[in-house]
1. Between Gln59 and Ala31, what length comes free when the chain is fully extended (0.36 nm per residue of separation minus the Cα-Cα distance, one decimal in nm)?
2. Using a 7 Å offset from the Cα along the Cα-to-Cβ direction at both Ala198 and Gln44, what is the distance between the two label points in nm, to one decimal?
3. In percent, what relative contact order does the chain have, based on Cα pairs under 8 Å that are 6 or more apart in sequence?
4. Excluding the sites themselves, what is the longest stretch of the chain that contains no GluC sites (Glu not before Pro) in a DSSP loop with at most 16 other C-beta atoms within 10 Å?
5. Could you do me a favour and compute the accessible area per residue for the chain, 1.4 Å probe, result in Å²?
6. Scan around Lys152 for amide H atoms under 5 Å from its own, H built in the peptide plane at 1.01 Å from N, and keep only partners 5 or more places away or cross-chain.
7. Could you tell me which chymotrypsin sites (Phe, Trp or Tyr not before Pro) in the range 168-221 are loop residues by DSSP with no more than 14 other beta carbons within 10 angstrom of their beta carbon?
8. With all protein chains present, how much of the accessible area of the chain (probe radius 1.4 Å) comes from carbon and sulfur, to the nearest whole percent?
Amino acid sequence: MELFFDFLRFERRYSPHTVLSYQTDMRQFSAYLKATYELEDPAQADHTLIRSWVVTLMQQQMDPRTVNRKIACLRSYYKFLLRTGVVSKNPMLRIKSPKVAKKLPDFVPEDSLNGLLNSFAFPPTFVGSRDQLVLELLYGTGIRLSELIGIKHEDLSLSGKTVRVTGKGNKQRIVPLNPSLIIVLERYIAQKQVEFGAADNARGPLLVTEKLEPLYEKLVYRTVKHYLSQITTASSQQHPHVLRHSFATHLLSKGADLNAIKELLGHANLAATQVYTHLSIDKLKSVFEKAHPKA
């Protein structure tokens, strides 16, 4: 399994977060095989043993999306074993994924978010300016959490009003920065220079902790939850990814082209972006009623 994890890290270039998820899934699967069938090596499992694990997960009322993620992990694992000659048959070919009900992504209403970002008095400290920049970047660009904490100073072009981010599969893209976000960025960089000195603004991670360490996921989660709880009581609307959903939804409701949103979000195909069209059905109805001669 360790060779498999190295393959994910160094050949597939999966993010540390994704590798950790795969490690968790594989260890759960291994523990199940050992406890239920006294089988020490997952490479020896056939499709009946794998299917029994999937059935057990479903009987535990686990979300089908989570089960499908674990199945995807096993698919990658057995493909790796097949490729390296450890197994001669892929047992995952006989495993079907459970059906998943379509779930629309949560988003925060535009007025509520603008009220928070435009009117909230962030503390006049380094941490306050950093927290504001975290929110502004996530909502103002639609980037992922991993892309946010991966931004380095050299990725910024304030004169060109763009930032280069590294997404899934180590793919890079250029994302535009709006004028209000540029102001927040410049304020944060100036505050960071006062706090740590000019040399730390030339290279290295853009977003850091009070100890000049790179910003990490749990801190971003806590930060976003703290501020979004000021405008919504729904826990499903208090995490970093909801700002990405809000970015896409609000762009679409303003009439932005779906292909342009796809490029901004860094989606591999249009199908991943089309989910946001369902969120804007009221806006689409309004446009239809105003524009169609028979409406």
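1. Separation in residues times 0.36 nm, less the Cα-Cα distance, equals 8.4 nm.
2. About 6.6 nm separates the two model spin labels.
3. Once normalised by length, the contact order is 17 percent.
4. Maximal segment without exposed cleavage sites: 41-209.
5. I get 56 Å² per residue for this part.
6. Leu206
7. The qualifying sites are Tyr216.
8. 54
The values are calculated or read from the model by the stated rules, or taken from the named source; none is laboratory data. As the structure is a prediction and not an experimental result, all values here were calculated from the model. Positions of Cβ are backbone-derived with ideal geometry, glycine not excepted, and every protein chain shown enters the neighbour counts. All accessible areas refer to the heavy atoms of the entire protein, side chains included, with ligands and DNA or RNA removed. Shrake-Rupley method; radii C 1.70, N 1.55, O 1.52, S 1.80 Å.
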